[in-house]
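The values are calculated or read from the model by the stated rules, or taken from the named source; none is laboratory data. Just so we're clear, the structure is a prediction, and the values are computed from it rather than from any experiment. So basically every Cβ, Gly included, is an ideal-geometry build from the backbone, and we count neighbours across all protein chains shown.
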Amino acid sequence: MACNGNSGKKSTIISTAERETTTTRIVEAQKRLLSGREYIGVDRIDGPLVFIRNTHPVGYRELVECVDRNGHLRLGMVLETSGEAVVVQVFEGTAGLTMPETRIRFRGETLKLGVTRKMLGRVFNGLGYPMDEGPLPVGEVEMDVNGRPINPTAREYPRDFIQTGISVIDGMNTLIRGQKLPIFSGNGLPHNELAAQIARQAKIRGGETEFAVVFSAMGVKHDVARYFIRSFEETGVLKNVALFLSLADDPSIERLITPRTALTLAEHLAFNENMHVLVIMTDMSNYCESLREISTIRGEIPSRKGYPGYLYSDLAELYERSGMLKNYRGSITQLPILTMPNDDISHPIPDLTGYITEGQIVFEREMYGRNIYPPVAGLPSLSRLMKDGIGEGMTRKDHPHLASQLFAAYSYVKDVRNLASVIGEEELTPLDHQYLEFGDAFERKFVSQGRDEERTIEETLDLGWEVLRLLPVEELHRVTEEEIEEFYG
Amino acid sequence: MKERIIGEVKRVNGPVIEAKGVTDAMMLELVRVGEVRLVGELIKLEGDRGVIQVYEDTTGIAPGDNIYGSGMPLSVELGPGLIGTIYDGIQRPLEEIYKLQDAFIQRGIQVPPLDRKKKWHFIPENLEERFYVKSGTILGTIQETERIVHRVLIPPDVEGEIAWLSPEGEYTIEDEIARVQTEDGEKPVFLAHRWPIRTPRPIKKRLTLSTPLITGQRVIDTLFPIAKGGTVAIPGGFGTGKTMTEHAIAKWCDASVIVYIGCGERGNEMTDVLTEFPKLVDPRTGHPLMERTILIANTSNMPVSAREASIYTGVTLAEYYRDQGYDVAVMADSTSRWAEALRELSGRMEEMPAEEGFPAYLPTRIAEFYERAGNMETLSGKQGSVSIVGAVSPPGGDFSEPVTQHTKRFVRCFWGLDRQLANARHYPAISWLESYSEYLDEVSTWWEENVGPNWSEDRAEIMEQLQKEVRLQQVVKLVGPDALPDSQRFIIEVCTLFKNAFLQQNAFDDIDRYTTALKQLKMLEIILMYWRRGSAAIRKGVTLVKIRRMKVYQDIVKMKFNITNEDLSALDKLKARLERSFDQLESIYE
């Protein structure tokens, strides 16, 4: 088992062999005994946090069972522990809890999720309990939902091109298997449509693919969840999809655990079941809001805009759970979606995300207003892993230079448009007019496409040359003469 | 020293643990927490209370767990076998850990940083009997990699007459290779010794900086050079190419040893280095680049406090090779993540924050780090240097934030990355307006003596045009380019050429990724000739359109791709062709 939560046997030999003293065993035995204790009554309830005094020594991040007076069980996690008091965050919210009647049990272990391949085709809540009519799946492996960092030497550098059938992604911001590529969107923009389209169309060319989609919804509306389910149903891929839904009216605290449960299943599918997993996480902004909420209640010192100083590390714990590993056939590709508050890309959420992920697809409201779908902004969008996954033998030999040329030309178009807005289009030089024409064609023909339209990489690249032909050949500095000969014509 | 219990856990808050019952412990002592033995460091002592910063995930640690003291500060092991290895933030070899575990890192693992079993071929120096040795004396040499000769030094705390030196032979790092008669009796010396990471290694004296660190990146070497032993900051928002620039320098700069610290960055980036460096060949020596590189990887999802330590671990390893007489370059990517780790730990300790939640001692820490760079005379009398290239990741790309601002105070070279350039895929996106280098005067003598006598003037001339162009572009933005006379439009023209043909450099092109100093100067001279002859021609009445239509123009644009570093005569030919083209053009007008 690749990422079995229990410490592997091999490590036991070195890390504990010499220390396996009687004291250690006694300590462990005591902890086991104590985990059966139940405390009745808590000392303070504040938002999703519960404070309990005078407990036995409780471990940091231990799993907590919290039973309300109706006997309903809620799960929680220890956020802070000391001899005097323990702070517990209750995932299902604290609504309805009473101070004297709440019963608390510390389980002496971290939150684990029993995972199995049979979870595909099912719908769960943020903690992994079924929300459809089906029974609770029996986990084959118990895995710690917090995961463990991947050893960088164990990683395989991702280079397999994923064809999404969307020109602006395949051609300009190529998605690579094992990449984490977020969509920076705004309210009212078609990020869900694009994510669903990618999930439907993504394929590795000429390869076997046993693929799965793990969908994690944090604080999204019921309609959005339904849209995704319907979209998966219609294309018949639902049996390969596992959904973890923590919707807008669920307790906000549950959102903190939702992506972790989803990624735990993804890790199982990728590294124990050898599947290629696409993880869609929406909406990361809601996740960060919940994090801020907890941080504020705990009275932590905020950094920018009230978000906690560890927002970067916390997001990294999620985003870094992607990639490929040596000696494993599976992979995890992440497609997080976030709505930029007020379309501001320098807001802490998109900003810190951009520092962790391997590029970003940025939506532009102005383009969407002009009815261009997908409204992907040409210049700020970027795929960092693109360079190693395109070119001869992977996509087509002209791809790297063509993409670079399109970027350069489109960047100049932006300058010309700015100039034209000041001095008027008539005053522009003939060359600049040609650039304007190119810019329009690029947006209308190359970027813009139908919501069900699927273009092969060759079609995309040929389309790229087609729009480049609107420019004189002397302007093409970034492509070689051979490429001009072969493709520019 | 033997492990002893120094106290017990009182409170756990993420990576910060409060301890009680601490009586017999020293500040900054390396400790281990709980029965899983998590590595930590004692960072605060007060009465019988202590605060411990833990370098691993503290899940499961409970009040009452034992804390074990090691009797020594957090230190690194220095000896042969460092080169080519990848370590985590506290010098645990990640490849060894991978062999012992699965792909996911577990806690509490203890693996020695250097291979205990590997035998090294040691060649002793010819020292006289009873020779007086002190810290830094070279005892002998080991061929560590094909290009690095490891000089075995007397560790900093040993001084006295040499009592015994082992003969040439094969030794492991645990074998005694010498004994020194010190004042406190005879002390053994091994191939490796330990050194605390937060203490700079001693030197004889600091020397002035004079040689540039040639990086092969034209915008850096020609416009904003850094000296060997210098410090530089590379700030830039996400996607502006900090890591790409760091990688390019680590690959092609002419330092003997590279220490690459991946501090709180992406896992795949370290994998990229690990897969790419062994395949790349150093153009100067013909050996794989991995044979001069040490990697420190503390990715963003690894524990935060080890991120704080990784910077010091890296710079200590660099100082060790400096002491052997090498020029070492440290790449720190990114120092902002390190500063954020400081902030997070400070917050957990409930310290009073200063700007944006950062602790008030942030500037002190930044200064301490960058001051460990320098060109030094080492204790053995050799010259060695440590240069530091620190990436900074300002939130929102805003350079007015505290980490960028404080870093700016302590570095002498600044390569500001520009979002607009990056958006236009102009890489390296080093802004020629915002960047500066205070090393210009120091390195100009080297350039003039070793490359070409006109370097300073040539550089100044092109910089002047770039400044003028900015003003002209503002005019163009208001009234359009047609309003400018040809002489001024030509400045814009020349700057565009300079940007396309010179400043922009493709890191993935086999020829363009690295440019020698001589080729850089020749390329600059060609562009300057285009500028000088062109403006003279315009004064004579030649129109701009005619100049632009010269066939040789396209060859100048592509000289970076088409002419190799070795084939400099081709550049001379190109220059002659340009000269002839202008002659022809002017002859029509005379």
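Points to keep in mind about this one:
- Complete set of residues in the stretch B:273-300 that are at pLDDT below 90, out of contact with any strand residue (DSSP E or B) (no Cβ under 8 Å at 6 or more places or on another chain) and of a type outside the set (Gly, Ala, Ser): B:275, B:276, B:283, B:284, B:285
- Enumeration of residues in the stretch B:457-485 that are acidic (Asp, Glu) and either away from chain A (no Cβ under 14 Å) or surrounded by 19 or more Cβ atoms within 10 Å (Cβ to Cβ) (or both): B:457, B:458, B:461, B:464, B:469
- Counting only helices (runs of 4 or more DSSP H) that fall entirely inside the stretch B:271-370 and contain at least 2 residues that are among the basic types (Lys, Arg), the qualifying elements are B:304-323, B:335-348.
- Residues that are facing chain B (nearest Cβ under 8 Å), part of a strand (DSSP E or B) and in contact with a Ser or Thr (Cβ under 9 Å, 6 or more places away or on another chain), drawn from the stretch A:346-390: A:359, A:360
- Residues satisfying the stated conditions in the stretch A:338-377, i.e. of a type in the set (Asp, Glu) and closer than 19 Å to residue A:195 by Cβ: A:343, A:358, A:364
- Scanning the stretch A:287-314 for residues that are closer than 14 Å to residue A:351 by Cα, more than 9 Å from chain B (Cβ to nearest Cβ) and not in a helix (DSSP H, G or I) turns up just one, A:307.
- The number of residues in the stretch A:156-180 that are closer than 23 Å to residue B:104 by Cβ and crowded, with 23+ Cβ neighbours inside 10 Å comes to 6.
- The stretch B:537-585 - residue that is away from every other protein chain (no Cβ under 14 Å), of a type outside the set (A, V, I, L, M) and without any contact (Cβ under 8 Å) to a residue 12 or more places away in the chain and, of those, farthest from residue B:517 (Cα to Cα): B:584
- Search result, residues across the stretch B:64-81 that are within 30 Å of residue B:121 (Cα to Cα) and not aliphatic (A, V, I, L, M): B:75, B:77, B:79, B:80, B:81
- Residue selected from the stretch A:297-334 under the condition among the β-branched types (Val, Ile, Thr) and modelled with pLDDT under 90, by the criterion surrounded by the most Cβ atoms within 10 Å (Cβ to Cβ): A:301
- Residue in the stretch A:438-456 that is under 29 Å from residue B:480 (Cα atoms) and either among the acidic types (Asp, Glu) or at the interface with chain B (Cβ under 10 Å from one of its Cβ atoms) (or both) present: yes
- When residues in the stretch A:409-419 are screened for being surrounded by fewer than 19 Cβ atoms within 10 Å (Cβ to Cβ) and not polar (S, T, N, Q), 4 of them pass.
- Put simply, of A:140, A:156 the only residue that is in the same structural domain as residue A:241 (by TED's automatic domain parsing) and farther than 25 Å from residue A:353 by Cβ is A:140.
- Matching residues in the stretch B:241-272 - criterion: being within 12 Å of chain A (Cβ to nearest Cβ), touching a residue at least 40 places away in the same chain (Cβ under 8 Å) and out of contact with any strand residue (DSSP E or B) (no Cβ under 7 Å at 6 or more places or on another chain): B:244, B:247
- Looking across the stretch B:378-403, just one residue is more than 14 Å from chain A (Cβ to nearest Cβ) and exposed (fewer than 15 other Cβ atoms within 10 Å of the Cβ), and that is B:381.
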